[in-house]
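Trainee: Mind having a look at this structure? Questions to follow.
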């Protein structure tokens with residue numbers, strides 16, 4: 001005899017897969033001026049192709065339609081900036097204004113202290129550079145935060161899952177589209193297809209505070225080089241970085257950099273090594289600076305609410321504008337750069 005209860009239970013557990021197998025997707029919608037959220041299904045046969053006119057900024061983005069990505073991941077700032085990159089790309093391919101998520105940082109990168117901040121603390125949301133890599137044409141767009149939108153509660157909203165491809169009708173109908181993407185990173189079949197805009201690059205410029213603080217520090221150092229020394233958590237990843245501890249020992253650093261840097265050179269060291277005295281042996285041969293040598297940087301960390309992510313953004317500018325840049329790892333794709341370690345990595 002057929003046990004209908006077991007069959008119904010099995011259907012409930014697999015309902016999403018059954019719906020997807022017939023070419024439908026589950027979505028949530030909220031109509032304009034309504035507070036009621038409804039769950040429904042839609043056929044996913046017609047999607048909207050990416051379009052982006054970098055010659056007509058007046059028609060580039062709608063000021064009344066927004067796109068947001070809901071990100072669950074709690075990583076470091078580089079990961080979340082990459083997620084923001086894909087959010088911006090998809091937004092402009094839909095001709096919508098990017099609505100940025102609030103960054104939820106992993107506190108392990110900040111002395112196990114949570115940071116409550118919005119993106120405008122770190123980057124300039126009013127001036128995001130979009131460059132056509134084929135023609136060189138460059139324009140600027142603005143992103144928005146929820147705080148910037150007065151009547152967002154009245155919007156019609158479409159909530160979609162990670163692999164949902166937006167249709168032309170959906171793009172026309174809803175004021176706000178929210179894609180749930182747990183990591184926020186590139187989605188195969190969407191961002192490398194109709195939403196990725198591969199012929200364009202996205203560049204986030206520093207916030208006014210980051211830029212002004214960098215300039216104050218930069219004016220205190222002349223003709224400097226910068227060394228990024230990644231240690232900390234990566235020292236435990238012996239299988240991936242077997243040479244890291246040896247290659248970032250002060251004695252070995254001196255041996256490595258002496259091949260390219262004259263004695264008495266000014267060196268700024270960016271590092272997650274927490275022992276302040278760790279790099280003291282270098283001072284016998286070089287003029288060494290770290291963040292704690294500058295009051296404007298030290299106060300970002302040695303305070304009640306430290307923000308190591310903000311320090312990182314400023315130090316990133318210091319590194320990018322150095323006369324000589326020395327990375328921790330050898331380029332993972334074989335590109336040439338000066339590096340401390342034989343191990344492969346991006347840092």
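Trainee: For the stretch 98-110: of the residues being modelled with pLDDT under 95 and either in a strand (DSSP E or B) or touching a helix residue (DSSP H, G or I) at 6+ places or on another chain (Cβ under 7 Å) (or both), which is surrounded by the most Cβ atoms within 10 Å (Cβ to Cβ)?
Mentor: So the residue we want is 110.
Trainee: Tell me, yes or no, whether the stretch 294-310 has at least one residue that is closer than 15 Å to residue 227 by Cβ and in the same structural domain as residue 229 (by TED's automatic domain parsing).
Mentor: Taking every residue of the stretch 294-310 in turn, none turns out to be closer than 15 Å to residue 227 by Cβ and in the same structural domain as residue 229 (by TED's automatic domain parsing).
Trainee: Oh, and also: For residues that are in contact (Cβ under 8 Å) with a residue 24 or more places away in the chain and not in a loop (DSSP other than H, G, I, E, B), scanning just the stretch 141-152, find the one that is nearest to residue 29 (Cα to Cα).
Mentor: Looking only at the stretch 141-152, we keep the residues that are in contact (Cβ under 8 Å) with a residue 24 or more places away in the chain, and these are 141-147, 149, 152.
Then keep just the ones that are not in a loop (DSSP other than H, G, I, E, B); that gives 141, 144, 146-147, 152.
On the way: 141: 28, 144: 22, 146: 19, 147: 22, 152: 14 Å.
Across the stretch 141-152, the extreme among qualifying residues is 152.
Trainee: Please verify whether residue 163 is without any contact (Cβ under 8 Å) to a residue 12 or more places away in the chain and either in contact with a strand residue (DSSP E or B) (Cβ under 7 Å, 6 or more places away or on another chain) or in a loop (DSSP other than H, G, I, E, B) (or both), treating the condition exactly as stated.
Mentor: So residue 163 fails the test.
Trainee: Counting only residues that are within 15 Å of residue 318 (Cβ to Cβ), give me the helices (runs of 4 or more DSSP H) lying completely in the stretch 226-305 with at least 3 of them.
Mentor: 295-301
Trainee: Just checking, does the stretch 78-91 include any residue being under 24 Å from residue 169 (Cα atoms), at pLDDT 95 or above, buried (at least 19 other Cβ atoms within 10 Å of the Cβ) and in contact with a helix residue (DSSP H, G or I) (Cβ under 9 Å, 6 or more places away or on another chain)?
Mentor: no
Trainee: I'd like the full set of residues that are within 17 Å of residue 53 (Cβ to Cβ) and in a loop (DSSP other than H, G, I, E, B), limited to the stretch 122-140. First the steps, then the outcome.
Mentor: Taking the stretch 122-140 as the starting set, the residues that turn out to be within 17 Å of residue 53 (Cβ to Cβ) are 128-140.
Selection gives 133, 134, 135, 136, 137.
Trainee: Here's something else I'd like to know. Taking the stated definitions as given, is residue 244 assigned by TED's automatic domain parsing to the domain that holds residue 310 and crowded, with 18+ Cβ neighbours inside 10 Å?
Mentor: Criteria met by residue 244.
Trainee: Also, I was wondering about something else. Looking at (1) out of contact with any helix residue (DSSP H, G or I) (no Cβ under 7 Å at 6 or more places or on another chain); (2) at pLDDT below 95, which one does residue 117 not meet, given that it meets all the others?
Mentor: Every condition holds for residue 117 apart from (2).
Trainee: Criterion first (assigned to a loop (DSSP other than H, G, I, E, B), farther than 21 Å from residue 124 by Cα, assigned by TED's automatic domain parsing to the domain that holds residue 146 and in contact with a helix residue (DSSP H, G or I) (Cβ under 8 Å, 6 or more places away or on another chain)) does residue 196 satisfy it?
Mentor: yes
Trainee: From (1) within 20 Å of residue 331 (Cβ to Cβ); (2) modelled with pLDDT of 95 or more, pick out the condition that doesn't hold for residue 237.
Mentor: Exception for residue 237: condition (2).
Trainee: Going through the stretch 199-225 one residue at a time, which ones are part of a loop (DSSP other than H, G, I, E, B) and surrounded by fewer than 19 Cβ atoms within 10 Å (Cβ to Cβ)?
Mentor: 199, 219, 220, 221, 222, 223, listed by residue number.
Trainee: Mind checking whether some residue in the stretch 250-258 is surrounded by fewer than 16 Cβ atoms within 10 Å (Cβ to Cβ) and modelled with pLDDT under 95?
Mentor: Within the stretch 250-258, none of the residues are surrounded by fewer than 16 Cβ atoms within 10 Å (Cβ to Cβ) and modelled with pLDDT under 95.
Trainee: For the stretch 264-279, how many residues meet the condition of being surrounded by 11 or more Cβ atoms within 10 Å (Cβ to Cβ) and within 26 Å of residue 112 (Cα to Cα)?
Mentor: Matching residues across the stretch 264-279 total 8.
The values are calculated or read from the model by the stated rules, or taken from the named source; none is laboratory data. A quick note: this is a predicted structure, and the numbers were derived from the prediction, not measured. Counting neighbours? That spans all protein chains shown, and the Cβs are built from the backbone with ideal geometry, glycine included.
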